[in-house]
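Inspection log for the structure reproduced underneath, given as structure tokens.
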Amino acid sequence: MMQTVRLLDDLGERYGSTHKYHDLRTPADAIKLLCINNPELKDELLEAHEHGIGYRLIQAGEDLDTDDLHLPIGSNDLILVPVVVGSGGGVGKIIVGVALVALSFVSFGAAGAFAGLGVAGAFGSTALAGIGASLILGGIADLISPQPVIPKPGNNRLSEPTNTDGPQSIVRGADGKQSYAYTGAANTVGVGAVIPVAYGEVLIGSNLLSADVDVVDESDPLKTTIQQPGTDTIRFGGEKLSYSTTLASGIEARRLRPGAGFPSGKSGSVNSFITLRKGADKNCTAIRYDKKNREDPAFILELRTGLFDFVSGSGSTIIDGFITYQLFTETEISGPDPTTGTSTATIQGLLLRGQRYRWLHAFQNTQIKGEETVKFKIKIIDFSVGPGCSLYIERAGFQD
């Protein structure tokens with residue numbers, strides 16, 4: 001009767017995938033003839049365990065153990081498959097190559113089990129004895145190393161926290177739970193998992209070792225500005241001014257067109273920039289009245305050199321700037337506090353150099369009696385602007 005022995009994977013590529021023999025009695029006879037006809041195969045089987053390689057011997061869909069090597073071979077094909085040892089359960093019975101060679105040249109159960117090893121100069125009985133009974137008869141069918149299990153902390157000394165606001169578990173990598181630092185990539189294996197080394201063309205799965213996610217918006221590169229600069233971005237007290245007098249956050253104010261002057265009433269020219277420094281102030285003008293009482297002080301202010309800031313220094317994205325200022329009116333009447341009225345506001349927006357914005361800021365004030373001199377003043381409370389931005393004071397006075 002003819003039997004067929006098949007070598008799979010790289011064994012078949014090097015030594016032929018199909019071998020036919022007549023009148024084989026046992027699987028051991030098949031391995032013996034393969035080694036005699038292919039001495040290089042015998043050497044590879046003897047050394048394969050040093051490289052982490054074992055073998056499965058399969059017939060009729062069943063894995064054969066070392067105890068099966070001397071049973072009748074049957075008529076089905078005998079298949080020899082190389083396997084990476086230590087890769088986890090469920091891959092069948094793995095036999096060390098040196099055990100395959102040893103048991104193929106020995107009549108199993110004979111009194112002189114190691115006496116006939118001189119065939120083809122395989123190796124002496126001393127070398128076979130060095131393999132040890134543990135390789136041949138004990139545990140060779142299962143060389144797979146189980147994954148170590150890291151015990152959970154106990155004894156009320158370390159307990160598993162239930163919150164999710166930081167690193168929580170020392171067993172996260174071993175228990176396969178989803179990463180606490182990321183919701184995308186997950187650990188699928190724990191400590192001790194075998195990483196296969198594949199040679200040649202293979203089709204295999206994989207274990208996730210690490211993941212790197214880089215979020216990039218390629219559709220819109222680094223923006224020069226966060227919005228389109230212009231006068232439409234300017235807000236006074238958080239509100240957009242119109243060209244007619246309106247109440248913006250409780251303050252009477254309106255936007256002025258280029259060249260528009262002070263409303264009818266009495267005012268004085270200032271035409272000066274104020275230094276943008278917290279606490280910096282400037283006396284604007286003094287006006288004396290001698291005929292009638294006056295109220296409703298007002299200032300005309302202008303942004304002439306832009307209003308902007310940077311995200312992280314010059315050259316980075318340009319963002320809105322802001323200036324918070326306070327207006328005062330004072331009299332020359334002697335006393336502990338000559339101030340008769342104050343008004344504070346914030347101007348905010350995104351203007352580039354060359355873009356201008358003018359507005360009138362009025363505020364309610366205690367009535368000023370005739371024949372008194374009133375001084376107008378402005379003070380910087382806070383600001384966040386880029387280099388060169390400033391606040392321009394054009395006029396100060398009273399509206400009719």
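The values are calculated or read from the model by the stated rules, or taken from the named source; none is laboratory data. All figures in this text were calculated on a predicted structure; none of them were measured in a lab. Glycine gets a Cβ as well: all are built from the backbone with ideal geometry, and neighbour counts include every protein chain shown. Please note that ligands, DNA and RNA were not included when accessible areas were found on the heavy atoms of the full protein model with its side chains. Shrake-Rupley method; radii C 1.70, N 1.55, O 1.52, S 1.80 Å.
Key figures
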read-out	value
Residues of the stretch 317-362 satisfying the condition of being of a type in the set (A, V, I, L, M, F, W, C) and open to solvent by 20 Å² or more (accessible area, probe 1.4 Å)	318, 319, 322, 328, 333, 352
Residues of the stretch 14-39 classified as more than 16 Å from residue 79 (Cβ to Cβ), open to solvent by 60 Å² or more (accessible area, probe 1.4 Å) and in a loop (DSSP other than H, G, I, E, B), total	2
Output for the stretch 299-313, where each listed residue is farther than 13 Å from residue 389 by Cβ and open to solvent by 40 Å² or more (accessible area, probe 1.4 Å)	311, 312
Unique residue being touching a Phe, Trp or Tyr at 6+ places or on another chain (Cβ under 7 Å) and among the small types (Gly, Ala, Ser) when the list is 265, 261, 279, 313	265
Meets criteria (surrounded by fewer than 19 Cβ atoms within 10 Å (Cβ to Cβ), in contact (Cβ under 8 Å) with a residue 60 or more places away in the chain, touching a strand residue (DSSP E or B) at 6+ places or on another chain (Cβ under 8 Å) and under 22 Å from residue 84 (Cα atoms)) for residue 10	yes
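Matching residues to (1) farther than 15 Å from residue 9 by Cβ; (2) in a loop (DSSP other than H, G, I, E, B); (3) within 51 Å of the chain's Cα centre (by Cα):
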position: 41; (1), (2), (3): no, no, yes
position: 44; (1), (2), (3): no, no, yes
position: 50; (1), (2), (3): yes, no, yes
position: 71; (1), (2), (3): yes, yes, no
position: 76; (1), (2), (3): yes, yes, no
position: 79; (1), (2), (3): no, no, yes
position: 83; (1), (2), (3): no, no, yes
